[in-house]
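Working notes, structure below.
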Amino acid sequence: MNTQIKILAIESSCDETAAAVVQNGREVLSNVIYSQIELHKLYGGVVPEIASRKHIEKINQVIREALAQADTSLEQIDAVAVTYGPGLVGALLVGVAAAKAVAFAAGKPLVGVHHIEGHISANYIEHPDLEPPFLCLVASGGHTHLVKVTDYGHYQILGQTRDDAAGEAFDKVARAIGLGYPGGPKIEKLAKEGNPDAIDFPRAKMADSPYDFSFSGLKSAVLNYLNGAAMKNEAVNKADVAASFQKAVSDVLVQNLISGAQACQMNQVAIAGGVASNQTIRKAAERACLERGFRFYYPSPVFCTDNAAMIGAAAYYEYRAGVTHDWSLNAVPNLKLGGS
């Protein structure tokens, strides 16, 4: 095996069409992202059919651009990696088909990558000292997982959401208070003007599974608060609502993260995913870790949202372990995180 392993990675699980070239799992030679946010803003959220069609339009373009920016040819690539789940099935299919076509034409191995594994691996890119084992909170638009990373490619899920993921709750609450899509950045911006202790929204705790999450009740509490104010013809301070909601989400995420780390006797803690780019949540997690002497890791914002560099980072360790896939690789929209 070459000492310098270059992987061309493709990500298309939702509404970003992305390609990257990653060397040795941690050095990003290129990271090209075409975002569809402006398009989906018109509809208040991601429309799967539109996302799939846009991926088809852009996938070859971002692959060519990623290779060009990395000054790398397909002949110099050691493997082609792609997200094959979980995600929107139509969107995933575009990336998987493109990756199989490129790998077949170039005579390169194909490596399928779990999307959540990609988010976890984003931490490797900027933190050369981070190695398993560690505990990672993955909070993004469709996923909220607390994952014990026992080794590269081996994971144990300690907790996950029972209903709405944190990112989904952000989007739904943002829509309810008239902020539009995407909800996360808009709520974070408005919350800076509000009082996080103004409204006492609930924090759900699962008695039978202490590290699971539930944000449906919190979302409903916000909607009930807004509806109650409307029925009484009372003015609503939207900034206070945003700040109080954000604090409730942050409290639950950080509490489960710290409790899980203590139970597993982990002194390395990481966060990942789109919600991890929220400064309030990130600072709360960092503060809690510092108070307990835990080493705390998080990716830069560009590696928090969906991107192909994180897929290339994850694929490197799978490839090194001898994991490749044949041409029967297919999109799996509800793919579970495997390993042990």
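Against the conditions (1) in the same structural domain as residue 80 (by TED's automatic domain parsing); (2) touching a strand residue (DSSP E or B) at 6+ places or on another chain (Cβ under 7 Å), residue 310 satisfies every one except (2). One residue stands out among those in the stretch 14-28 that are at negative phi and among the small types (Gly, Ala, Ser): the one that is surrounded by the most Cβ atoms within 10 Å (Cβ to Cβ), which is 19.
Does the stretch 150-165 include one or more residues that are assigned to a loop (DSSP other than H, G, I, E, B) and among the polar types (S, T, N, Q)?
no
Taken residue by residue, the stretch 79-101 has at least one member that is in a loop (DSSP other than H, G, I, E, B), farther than 11 Å from residue 312 by Cβ and of a type outside the set (A, V, I, L, M).
Yes/no per residue for (1) more than 20 Å from residue 79 (Cβ to Cβ); (2) of a type in the set (S, T, N, Q); (3) part of a helix (DSSP H, G or I); (4) at pLDDT 95 or above:
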position	(1), (2), (3), (4)
283	yes, no, yes, yes
287	yes, no, yes, yes
307	no, yes, no, yes
314	no, no, yes, yes
317	no, no, yes, yes
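Taking each residue of the stretch 98-126 that is among the polar types (S, T, N, Q) and looking for partners that are assigned to a helix (DSSP H, G or I) with beta-carbon atoms closer than 7 Å, six or more apart or interchain, yields 121/310; 121/313; 121/314.
Take the stretch 70-109 and flag every residue that is buried (at least 18 other Cβ atoms within 10 Å of the Cβ) and among the polar types (S, T, N, Q). Correct list: 83 only. Pairing each residue of the stretch 317-331 that is free of Cβ contacts under 8 Å to residues at least 60 places away in the same chain and surrounded by fewer than 20 Cβ atoms within 10 Å (Cβ to Cβ) with any residue that is of a type in the set (A, V, I, L, M, F, W, C) and assigned to a loop (DSSP other than H, G, I, E, B), provided the two are 6+ apart or on different chains, yields no C-beta distance under 8 Å. Taking the numbered list (1) part of a loop (DSSP other than H, G, I, E, B); (2) without any contact (Cβ under 8 Å) to a residue 60 or more places away in the chain in turn, residue 38 passes all entries but (1). Within the stretch 289-305, restricting attention to residues that are under 19 Å from the mean Cα position of the chain (by Cα) and part of a loop (DSSP other than H, G, I, E, B), the residue that is surrounded by the fewest Cβ atoms within 10 Å (Cβ to Cβ) is 300.
Counting only residues that are surrounded by fewer than 16 Cβ atoms within 10 Å (Cβ to Cβ), in contact (Cβ under 8 Å) with a residue 12 or more places away in the chain and more than 23 Å from residue 188 (Cβ to Cβ), the stretch 212-258 holds 0 of them. Could you say whether any residue in the stretch 186-205 is touching a residue at least 24 places away in the same chain (Cβ under 8 Å), surrounded by 14 or more Cβ atoms within 10 Å (Cβ to Cβ), assigned by TED's automatic domain parsing to the domain that holds residue 250 and touching a Pro at 6+ places or on another chain (Cβ under 7 Å)? No, that holds for no residue. Exactly one residue out of 270, 276 is over 18 Å from residue 183 (Cα atoms), touching a residue at least 24 places away in the same chain (Cβ under 8 Å) and crowded, with 23+ Cβ neighbours inside 10 Å, and it is 270. The set of residues from the stretch 210-240 being assigned to a helix (DSSP H, G or I) and closer than 17 Å to residue 166 by Cβ comprises 216, 217, 218, 219, 220, 221, 222, 223. Restricting to the stretch 127-140, name every residue that is more than 12 Å from residue 161 (Cα to Cα) and within 16 Å of the chain's Cα centre (by Cα). Selection gives 135, 136. Going by the structure shown, is residue 135 touching a residue at least 60 places away in the same chain (Cβ under 8 Å) and in a loop (DSSP other than H, G, I, E, B)? No: the conditions fail for residue 135. Among the criteria (1) closer than 13 Å to residue 312 by Cβ; (2) in a helix (DSSP H, G or I), the one residue 60 does not fulfil is (1).
The values are calculated or read from the model by the stated rules, or taken from the named source; none is laboratory data. Since this is a predicted model, take the numbers as computed values, not measurements. For neighbour counting, all protein chains shown are included, and Cβ atoms are generated from backbone atoms with ideal geometry for every residue, glycine included.
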